[in-house]
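The values are calculated or read from the model by the stated rules, or taken from the named source; none is laboratory data. It should be emphasised that the depicted structure is a prediction, and the values quoted were computed from it without experimental measurement. Neighbour counts run over all protein chains shown; Cβ positions are idealised from the backbone, glycine included. We work out accessible area using only protein heavy atoms, side chains counted, and drop any ligands, DNA or RNA first. Shrake-Rupley method; radii C 1.70, N 1.55, O 1.52, S 1.80 Å.
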Amino acid sequence: MNPASDLVNKLWRLCALLRKDGITYQQYVTELTYLLFLKMASEQKDEGKIPEAYRWRAITAANEAEVLQRYRQALVDLGNPDKVRELSIVAIFQNATTVVREPATLRKLIDAIDGLHWFTEERDAFGDAYEGLLQKMAEETKRGAGQYFTPRVLIDTMVALMQPQPGEVIQDPAAGTGGFLIAADRVMKEATDDYFTLSDRLKVFQLSEAFRGIENVPDTYRLLLMNLHLHGMGASKIDLGDTLSPKGKEPAFGKQSADLILSNPPFGPAGGPPTRDDLSITDRVSSYQLPFVEHIVRALRLGGRAAVIVPDNVLFDDGRGKALRQRLMEWCDLHTILRLPTGIFYAQGVKTNVLFFTRADEEAPLEDATQGVWIYDMRSGAPAYGKTNPLKESDFADFVAAFGDDPFGRAPRTDGGETGRFRYFTRAEIAARGDNLDISWLKDTSADAEDGLDTPEELAAAIEGHLLAALEEVGALVAELGGETDAPVAEEMA
């Protein structure tokens with residue numbers, strides 16, 4: 001077992017101290033966020049911006065009678081810009097409160113964290129352990145505070161295929177806990193031998209300008225900032241807000257502002273249509289997925305590329321959905337679609353895909369940028385994935401080989417025919433289908449994925465997934481008829 005995994009398991013077992021008090025998994029991970037921040041600052045000799053009374057050693061030195069009160073006051077003051085000048089610290093502790101009710105419980109948590117070995121000869125394990133905790137939370141709860149969780153192996157596959165480069169602006173308009181941004185940073189560091197000897201100007205860019213993100217849920221935003229901090233990434237361009245309806249109705253990030261967009265936007269009905277004036281195709285759609293796709297198309301620079309997870313309805317919806325697909329294929333080279341297996345998100349009934357596309361090099365191409373689409377069916381005949389059979393890196397090996405080593409989808413490819421998983425469809429063939437991209441040719445057994453579920457929680461999650469999918473279809477119909485919906489929100493957690 002590697003050091004980070006060992007730390008994750010030890011930290012997770014500490015949750016038992018709080019679970020008896022009715023504390024949720026997300027509340028527990030949020031609590032650890034505060035404690036791990038103070039611990040890491042102490043270990044890395046980086047406590048200069050933290051008031052002395054609230055530094056790790058001051059907290060650990062407090063006796064049991066006063067430790068909880070001091071800790072509570074620390075949370076209040078560290079989130080107060082009048083007490084702490086470092087805005088990144090204030091953002092993490094903004095409106096922070098503790099769920100710990102007993103001083104003895106807090107003392108056990110502090111002593112356990114203080115006694116863990118956080119370093120190996122090669123690296124510290126704070127970032128890896130924290131990311132492991134986020135994944136553990138998602139696996140154990142199936143759903144954390146109404147949010148889904150993108151499997152790390154899927155994130156890593158998408159990022160590796162897109163080959164992010166130093167100097168590029170990389171955006172996630174639905175950032176969640178930062179999985180895509182952190183994976184992109186990791187890939188660049190591993191692929192660039194001289195990453196840490198980059199020019200001073202490029203170093204500053206990578207730290208303060210390269211990564212852009214927006215997260216709409218305050219608690220998730222806190223986890224996002226902590227995750228970036230523990231991985232040594234800047235957060236000056238990471239905001240709390242709504243990508244589709246920003247304040248002042250100004251487009252988030254700006255038009256054509258990203259070289260690479262990696263994202264798993266929210267699924268399901270939204271609280272209302274977007275308020276951005278530039279989303280001209282999806283301006284009346286009261287759902288998340290279609291407006292987010294339009295945002296991504298518009299936010300890419302000419303020649304920029306994207307990999308984005310979308311539910312099946314994006315591929316076949318009529319009306320505005322069809323208009324959006326036509327615009328996507330007109331402005332972008334939609335070179336690859338990966339049909340994902342079911343069961344990789346908590347909601348078994350939600351079928352998803354990854355769209356890989358590149359914005360055309362010209363502002364107004366004379367003909368559609370998409371001349372044809374390669375579709376890889378990873379869904380048909382796939383096993384039921386879930387907690388007992390998690391998605392693995394090896395599951396993507398055949399697709400990665402078929403995709404090739406060109407992030408723009410231009411590597412040589414082979415059509416496997418009617419019995420193969422990888423096929424090519426020309427733009428004319430797609431047009432003959434009414435621009436419906438929900439194309440399958442192998443027997444799809446994914447509808448039977450629920451057969452592999454064996455716990456009440458998994459079955460309930462599957463039912464909820466089907467209901468959300470049904471609500472989305474109803475919402476799309478209402479939007480087409482000119483109305484609005486107020487259906488429940490289901491958000492994605494990357």
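With the highest mean first, a sort of the peptides 313-319, 283-289, 203-209 on other beta-carbon atoms found within 10 angstrom per residue produces 283-289, 313-319, 203-209. Amide H to amide H distances under 5 Å link Phe267 with Glu492, where only residues 5 or more positions off or on other chains count and H is placed in the peptide plane. Straightening the chain between Gln44 and Asp77 buys 9.7 nm, computed as 0.36 nm per residue apart minus the Cα-Cα spacing. Potential lengthening of the chain between Glu102 and Asp406 amounts to 103.9 nm, from the contour at 0.36 nm per residue minus the alpha-carbon distance. Rounded, prolate or oblate for the stretch 1-105? Axes are the square roots of the Cα gyration tensor eigenvalues, ordered a ≥ b ≥ c, and the cut-off for rounded is a/c under 1.5. Prolate, since a/c reaches 1.5 and a/b exceeds b/c. Amide H to amide H distances under 5 Å link Gln171 with Arg212, Leu260, Ile261, Leu262, where only residues 5 or more positions off or on other chains count and H is placed in the peptide plane.
For the pair Leu302 and Leu116, what calculated FRET efficiency results from E = 1/(1 + (r/R0)^6), where r is the Cβ-Cβ distance and R0 = 41 Å, to the nearest 0.05?
Working: r = 49 Å, r/R0 = 1.19.
It comes out at approximately 0.25.
Please compute the contact order of the stretch 142-458 in relative form: average sequence separation of alpha-carbon pairs under 8 Å and at least six residues apart, divided by the residue count, as a percent. Don't skip to the answer; put the middle values down first.
On the way: 588 pairs, mean separation 49.7, N = 317.
The value is 16 percent.
FRET efficiency for the Arg433 to Ser380 pair, using the beta carbon distance and R₀ = 25 Å, is estimated at 0.85.
Based on the Cα coordinates of the stretch 142-458, what is the per residue volume of their convex hull in Å³? Don't skip to the end; give the middle numbers.
Working: hull volume 44.8 nm³, N = 317.
It is 141 Å³ per residue.
3J(HN,Hα) along the stretch 182-188: 5, 5, 5, 4, 5, 4, 5 Hz, from the Karplus curve 6.51 cos²θ - 1.76 cosθ + 1.60 with θ = phi - 60°, whole Hz, x for Gly and Pro. With contacts taken as Cα pairs under 8 Å at a separation of at least 6 residues, the stretch 266-372 carries a relative contact order of 27 percent. Per-residue Karplus couplings for the stretch 61-77, computed as 6.51 cos²θ - 1.76 cosθ + 1.60 with θ equal to phi - 60°, are listed in order as 7, 5, 6, 4, 6, 10, 5, 5, 5, 5, 5, 4, 5, 4, 4, 5, 6 Hz, Gly and Pro entered as x.
Packing-wise, with mean Cβ within 10 Å as the measure, how do 350-356, 274-280 rank, highest first?
Details: 350-356: 23.1, 274-280: 17.0.
By packing density, highest mean first, the sequence is 350-356, 274-280.
Annotation: amide H of Leu334 within the under-5 Å range of Thr358, Thr370, sequence separation 5 or more or interchain, hydrogens built in the peptide plane. Across the cross-link table entries Lys49/Lys237; Lys189/Lys255; Lys108/Lys203; Lys83/Lys189; Lys39/Lys203; Lys39/Lys247, which are compared at the Cα atoms, the separations over 31 Å belong to Lys108/Lys203; Lys83/Lys189; Lys39/Lys247. Can you give me the Kirkwood hydrodynamic radius for the stretch 246-314, using every pair of distinct Cα atoms, in Å to one decimal? It is 12.4 Å. Round to a whole number: what % of the accessible area of the stretch 159-234 belongs to carbon and sulfur, probe 1.4 Å? It is 53 percent, rounded to a whole number.
From the Cα gyration tensor of the stretch 391-447, with a ≥ b ≥ c the square roots of its eigenvalues, which class applies: rounded if a/c is under 1.5, or else prolate if a/b is larger than b/c, or else oblate?
Numbers: a/c = 2.04, a/b = 1.23, b/c = 1.66.
Oblate, because a/c is 1.5 or more while a/b does not exceed b/c.
For the stretch 29-61, the list of trypsin sites (Lys or Arg not before Pro) that fall in a loop by DSSP and count at most 16 other C-beta atoms within 10 angstrom reads Lys45, Lys49.
Once you sort the root eigenvalues of the Cα gyration tensor of the stretch 292-430 as a ≥ b ≥ c, which label holds: rounded (a/c under 1.5), prolate (a/b larger than b/c) or oblate (the other case)? It is prolate, given that a/c is not under 1.5 and a/b is the larger ratio. Accessible surface calculations at 1.4 Å, restricted to protein heavy atoms, place the stretch 3-130 at 49 Å² per residue.
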